[in-house]
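The values are calculated or read from the model by the stated rules, or taken from the named source; none is laboratory data. For clarity, every value in this text was computed on a predicted model and none was experimentally measured. Cβ sites come from the backbone with ideal geometry, for glycine too, and all protein chains shown count toward neighbours. These area figures cover heavy atoms from the full protein model, side chains too; ligands, DNA and RNA do not enter into them. Shrake-Rupley method; radii C 1.70, N 1.55, O 1.52, S 1.80 Å.
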Amino acid sequence: MKQLASVLPILTLAVTACGSPGGPDGADGEKAAASSAPLAATLSEAPPIREPSRTQAPTASGSALLSCSQQIGAAAAARRVEVCRSVSPATHPPCNVSNSCAMIEDEIARSCALFDGKGSPMAGCTPAPKSMEAAADVVRRYYSALDARDYETAWQQWGEDGPPRQTRETFRAGFAQTVSTRVTIGRLEPGDAGAGSIYQPVPVTVDATLADGHHQTFRGSYVIRRVNDVDGASPAQLRWHIDSASLEAGPAR
């Protein structure tokens, strides 16, 4: 599915940050082209851990990155960090209230997926890492990251290589003209399997506020993908990630 070229440059899609209803608080084929856009007892049985190299990258000129404390308040952010530290196997995990909520949530999701099926589920690993709801949470994290101007975490929701045929610079530049948005996740239906992967469609409706004060509505869907537990798949491939997107813009108002 191809993402419309006329849509992405003005979308900085935001969700009501971490802790919103439906979120954790409340080999592969080629990616389709897009024009922009959960122990301790089981650690010895787990595969080697490649800790994510993640720092809060500089943001676009004039745009300050929002910390999780700024996004959802200090108390709620501290609760997210507590969950993150309880599930993350990394020595230096990005579980810190000064990071974006999306980065903290992404580390929770990464850790939960890494140990999924290895003993009893860890507290905090909800929804189940392989569920439709976990796929939808990728979309929520994506927009939460964009809203916080954490473009690196947003980039990583597309997988290790980011969106197809984009550099980090062009990816970031594509969101320069959007002030805020509200995204609604539609009804989830079971996805399809094929070529060793599972594809989960996630319908969305977005109301965007643009830099010039206009509003615009976008409707469409994301396709979220993960490898279907095939031998030799990496932890990153076994996680849900954005595979493609198709959004149509209504008239600005």
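If packing is taken as the mean number of other Cβ atoms within 10 Å per residue, what is the order of 126-137, 213-224, highest first?
In descending order of packing, they fall as 126-137, 213-224.
Please list the non-local residues whose amide H lies under 5 Å from the amide H of ILE224, H modeled 1.01 Å from N, same-chain partners needing a gap of 5 or more.
So ILE224 has HN proximity to GLN200, VAL202, ASP243.
In what order, largest first, do ARG187, ARG85, ARG141 sit by accessible area if the probe radius is 1.4 Å?
Output order, biggest surface exposure first: ARG187, ARG85, ARG141.
Taking the Cα centre of the range 105-147 as origin, sum charge times position over the Cβ atoms of Lys and Arg (+1) and Asp and Glu (-1), and report the length of that vector in debye to the nearest 20.
160
Calculate, in nm to one decimal, what ALA173 and ALA211 gain on full extension: separation in residues at 0.36 nm each, minus their alpha carbon distance.
12.3 nm
At q = 0.17 Å⁻¹, what is the base-10 log of I(q)/I(0) for the range 145-253 according to the Debye formula with one equal point scatterer per Cα and no solvent? Please give it to two decimals.
Cα-only, vacuum Debye calculation for the range 145-253: -0.92.
Kirkwood Rh, Cα Rg: Rg to Rh for the range 92-160?
Rg/Rh: 0.97.
On a C-alpha basis, how far is the centre of the range 212-253 from the centre of the range 150-209 in Å? Whole number, if you could?
Each part reduced to its Cα centre gives a spacing of 4 Å.
Quick check on packing: order 241-248, 73-80 by the mean number of other C-beta atoms within 10 Å, highest mean leading.
241-248, 73-80
Quick one: which of 98-106, 146-154 comes out on top by average Cβ neighbours within 10 Å, and what's the full order, highest first?
With the highest mean Cβ count within 10 Å placed first, the list reads 98-106, 146-154.
Mind checking the per residue accessible area of the range 99-154 for me, 1.4 Å probe, whole number of Å²?
27
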